[in-house]
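Peer 1: Quick one: structure below, then a few questions.
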Amino acid sequence: MLRFGLPTLIELPDLEDCAARCRELGLDFVELNMNLPQYQPGEIDVCRFREIAEKYGIFYTIHLDENLNVSDFNPYIAEGYRRTVAETVELAKKLEIPVLNMHLSKGVYFTLPDRRVYLFDAYRERYLASVAAFRKLCEEAIGGARITVCVENCDGYTDFQKEAMEILLESPVFGLTFDIGHDHGCGGVDEQFILAHKSRLVHMHMHDALGKKNHLPLGAGEIDLKKYLRLAEERNCRVVLETKTAAGLTRSVEWLREQPTVDR
């Protein structure tokens, strides 16, 4: 059975408001966005978050900070991000959170007359060693807990990112998030990689798109949404309806309710 959730909405800064809207719309979970100050590790009151989840019959997933760069060449910066992940894993254990969603940073690039040179590519061996070290950190932090760190596609994986993904996916604690709107916006370049690793797909960000215009309500764009719903059903994914407004979220839920094949 598919489980659908809502993203953190800037219109609903209080967690209980998010939880109430989640239940009102018949959704299953809230994806907490750690870019916001109220969802930093030190700001999360585990007892209150647990009480709200129980009150509204929901659960949580977490979207890690989009700036996360565990491979930064500055060791102090990289350590700060790694520590953030480790502390978030401990929160996830206490709140029975099954998924931590993350972006895989491309890092800094130098612009030459004819091309971009990504420093992670130029220093690929060092970069990949840091990725392997991050994988080990996550394995040790998660231990036997039922938590998956899911890497989300953004704007087209580079070759060095694909190598990094292969390293991460050697571990059972890592999986994939398929953001279908992001993929559509960059010409569908990530879908082949994701489908080649379909057995590791456990999370999805679903929103519509028109060309490069992203995060539209379901049914408001040109994506073959039913195709991706079938994929989500096949993989029993948790699906975030990742629109950016409460009105867009409501429209997406209404569109879903019109689909006779969606198993809720």
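Peer 1: Quick one: work out Rg over Rh on the C-alpha atoms of segment 150-264, Rh as Kirkwood radius. Each step should come with its number before you reach the end.
Peer 2: Working: Rg = 14.1 Å, Rh = 14.5 Å.
My calculation of the ratio gives 0.97.
Peer 1: Obtain the nm distance between the two label points defined at N35 and K136 by a simple spin-label model: each point lies 7 Å from its Cα along the Cα-to-C-beta direction.
Peer 2: My value for the distance between the label points is 3.2 nm.
Peer 1: Which helices count as membrane-span-like in the chain under these terms: full DSSP H, at least 20 Å along the axis by C-alpha, Kyte-Doolittle mean of -1.0 or more? List each step's numbers first, then the result.
Peer 2: Numbers: long enough: 75-95 (30 Å, -0.35); 124-142 (27 Å, -0.06).
Within the chain the helices that satisfy the rule are 75-95, 124-142.
Peer 1: By a straight-distance test (C-alpha under 26 Å), which lysines pair with K212 as possible cross-link partners, with residues fewer than eight away in the same chain excluded?
Peer 2: K106, K162, K198, K226, K227, K244
Peer 1: If you stretched the chain out fully between N74 and K227, how much longer would it get, using 0.36 nm times the residue separation minus the C-alpha to C-alpha distance? Before the final figure, lay out the partial values.
Peer 2: Details: separation 153, 0.36 × 153 = 55.08 nm, distance 4.24 nm.
This chain segment gains 50.8 nm when fully extended.
Peer 1: Is the shape of segment 113-159 best called rounded, prolate or oblate, per the rule: a/c under 1.5 gives rounded, else a/b larger than b/c gives prolate, else oblate, with a ≥ b ≥ c the square roots of the Cα gyration tensor eigenvalues?
Peer 2: Details: a/c = 5.93, a/b = 1.95, b/c = 3.04.
Cα axes put segment 113-159 in the oblate bin.
Peer 1: I've got another one for you. In nm, give the distance between the simple-model label positions of E96 and N67, each being 7 Å from the Cα along the Cα-to-Cβ direction.
Peer 2: Those two pseudo-labels are separated by 3.4 nm.
Peer 1: Can I ask one more? Taking the DSSP beta bridges in segment 95-218 as the whole, what percent of them are antiparallel, to the nearest 5? Kindly include the intermediate steps, with their values, before the conclusion.
Peer 2: Values: 5 of 18 bridges.
Counting DSSP beta bridges with both partners in segment 95-218, the antiparallel share is about 30 percent.
Peer 1: Within the set of other residues whose C-beta is less than 10 Å from the C-beta of V202, count the net charge using Lys and Arg as +1 and Asp and Glu as -1.
Peer 2: +3
Peer 1: Also, quick follow-up: Would you please state the base-10 log of I(q)/I(0) at q = 0.09, 0.11, 0.14 1/Å for the chain, with intensities from the Debye formula using one equal scatterer on every alpha carbon?
Peer 2: -0.40, -0.60, -0.99
Peer 1: Let me ask something additional. Based on the mean of other Cβ atoms within 10 Å per residue, sort peptides 2-11, 107-116 so the most packed one is first.
Peer 2: With the highest mean Cβ count within 10 Å placed first, the list reads 2-11, 107-116.
Peer 1: Right, next: Students often check this: by mean Cβ neighbours within 10 Å, which of 27-34, 125-132, 211-218 ranks highest, and how do the rest follow? Write out the running numbers ahead of the final one.
Peer 2: Details: 27-34: 22.5, 125-132: 15.4, 211-218: 17.0.
Taking the mean over residues of other Cβ atoms within 10 Å, the ranking is 27-34, 211-218, 125-132.
Peer 1: Given segment 1-149, what whole percent of its Cα pairs are spread farther than 25 Å?
Peer 2: On the way: 4086 of 11026 pairs.
In whole percent, the long-distance tail amounts to 37.
Only the coordinates and a few stated rules stand behind these numbers; no lab work does. Remember, it's a predicted structure, so these values are computed and weren't measured experimentally. Cβ coordinates were reconstructed from backbone atoms using ideal geometry, including for glycine residues, and neighbour counts include every protein chain displayed.
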